[in-house]
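**Student:** There's a structure below that I have some questions on.
The values are calculated or read from the model by the stated rules, or taken from the named source; none is laboratory data. This is a predicted model, so every value here is computed, not measured. No Cβ is skipped: glycine too gets one built from the backbone with ideal geometry, and neighbour counts run over all protein chains shown.
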Amino acid sequence: MNKKAIYFRYILISTLFIILVSLNYFHEEIMSFVPFFPNFLLPIFSIIVVIVTAYLLLQKELDVDNLKYQFLTIATHKFRTPLTAIKWITSSLTKEVTHEEKANFLRQIDVSVNRLMEVVDILTGLARFDHRMEYAYETTWIRQMIDVSLDKYVPEYKEKNISFSITADPEIPLVIIDKRKIQFVIDALFENAIRYSPPGGQIEISLRRKDQYVVFSIKDHGIGIGRNEISNLFKRYWRSNESKAAFPDGMGLSLAMVKEIIKRHHGNIWAESKGKGAGTTFFIKFPIAHTKMKRVTLNKVQGL
């Protein structure tokens, strides 16, 4: 048992003791305040108060333990993909390869290592509770981040023989985002689409301007989701029965984190599906980085 746990239990026992002593000491005052309160019920009332207090305090400790478990679960899940990529690349390097192929492999290793660092940053924020994650906003193009994700997932979509199609408006405005956090978001949606796509499937990516927003979407043709279940998609720990059957090791945490990150960007994320077996499309709306909007957004950021 660590020092923090010992300290917590000391506080818990002390608090319960103080409650019991106080109830006993102020026995007469309590009875005069509630004259019709039966005297014999006071000990029972005291026990109930102590039990409720103990439950509430212990619940806080359980929440901390749950957060630790959540951290380890996401860490295991998120580290697996880049580590698999590195393993695949290093295995390829043991064979005879051209100088150009070797340079490309080394570049992919660098991309995977950078991805691991990004995941560490995100998980560090999660360990400090979601609402305390630090954000560093800057102007950038979403298209560049899509290309980064495409490079990261080469081993995964090649293994399943998945093809990508990208359609984008000729001119896509800048957006104000935390690049690492949004890269995490796009990576999570890429990983989700690849995971639930059938072998030989296709993933469709779109980038459009709509009014004062840049709208990113990614569509797969995988297991889909029932319309009555869409509202649960971004809840922590929720997974559809089909998802559990296909990938039992998942925990239903990534999309909850994604939603929180998009919320902090003053954007919106949602999903659409025509039903089970019909695939799923995720949409994200990012506010365009107008000069005026940029100033307002940055002011909000400084106040976080």
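**Student:** Of the residues 147, 110, 121, which is modelled with pLDDT of 85 or more, acidic (Asp, Glu) and either not in a loop (DSSP other than H, G, I, E, B) or not assigned by TED's automatic domain parsing to the domain that holds residue 218 (or both)? Walk me through it before giving the result.
**Tutor:** Details: 110 fails: modelled with pLDDT of 85 or more; 121 fails: modelled with pLDDT of 85 or more.
Result: 147 is the single residue among 147, 110, 121 that is modelled with pLDDT of 85 or more, acidic (Asp, Glu) and either not in a loop (DSSP other than H, G, I, E, B) or not assigned by TED's automatic domain parsing to the domain that holds residue 218 (or both).
**Student:** Can I ask one more? Take the residues in the range 150-173 that are over 26 Å from the mean Cα position of the chain (by Cα) and among the acidic types (Asp, Glu), then tell me which one is nearest to residue 207 (Cα to Cα).
**Tutor:** Taking the candidates together, the pick is 169.
**Student:** Another question, if that's okay. For the range 227-246, name all the residues that are surrounded by fewer than 14 Cβ atoms within 10 Å (Cβ to Cβ) and either outside the structural domain of residue 163 (by TED's automatic domain parsing) or within 19 Å of residue 198 (Cα to Cα) (or both).
**Tutor:** Listed by number, the residues that qualify are 241, 244, 245.
**Student:** Output the residue which, of all residues in the range 151-167 that are crowded, with 16+ Cβ neighbours inside 10 Å and modelled with pLDDT of 85 or more, is nearest to residue 89 (Cα to Cα).
**Tutor:** Checked the range 151-167; the qualifying residue nearest to residue 89 (Cα to Cα) is 162.
**Student:** Residues to consider are 223, 262, 269; find the one that is within 14 Å of the chain's Cα centre (by Cα) and not in a strand (DSSP E or B).
**Tutor:** Details: 223 fails: within 14 Å of the chain's Cα centre (by Cα); 269 fails: not in a strand (DSSP E or B).
Step by step, each of 223, 262, 269 is checked, and only 262 is within 14 Å of the chain's Cα centre (by Cα) and not in a strand (DSSP E or B).
**Student:** Filter the range 215-240 down to the residues that are touching a Phe, Trp or Tyr at 6+ places or on another chain (Cβ under 6 Å) and of a type in the set (Gly, Ala, Ser) and list them by number.
**Tutor:** Across the range 215-240, the qualifying residues are 217, 222.
**Student:** If you don't mind, another one. Just wondering, is there one or more residues in the range 164-172 that are among the aromatic types (Phe, Trp, Tyr) and in a loop (DSSP other than H, G, I, E, B)? Break it down stepwise before answering.
**Tutor:** Residues of the range 164-172 among the aromatic types (Phe, Trp, Tyr): 164.
Those left that are additionally in a loop (DSSP other than H, G, I, E, B): none.
Checked the range 164-172: no residue is among the aromatic types (Phe, Trp, Tyr) and in a loop (DSSP other than H, G, I, E, B).
**Student:** I'd like to check something: does the range 195-211 contain any residue that is assigned by TED's automatic domain parsing to the domain that holds residue 271 and in a helix (DSSP H, G or I)?
**Tutor:** Here is the first cut: in the range 195-211, the ones assigned by TED's automatic domain parsing to the domain that holds residue 271 are 195-211.
Still in the running and in a helix (DSSP H, G or I): 195-196.
Scanning the range 195-211, I find at least one residue that is assigned by TED's automatic domain parsing to the domain that holds residue 271 and in a helix (DSSP H, G or I), so the answer is yes.
**Student:** Within the range 126-142, track down each residue that is modelled with pLDDT of 90 or more and assigned to a helix (DSSP H, G or I).
**Tutor:** 142
**Student:** Here is a further query. Of all residues in the range 168-209 being in contact with an Asp or Glu (Cβ under 9 Å, 6 or more places away or on another chain) and among the acidic types (Asp, Glu), which is modelled with the highest pLDDT?
**Tutor:** In this case the residue turns out to be 204.
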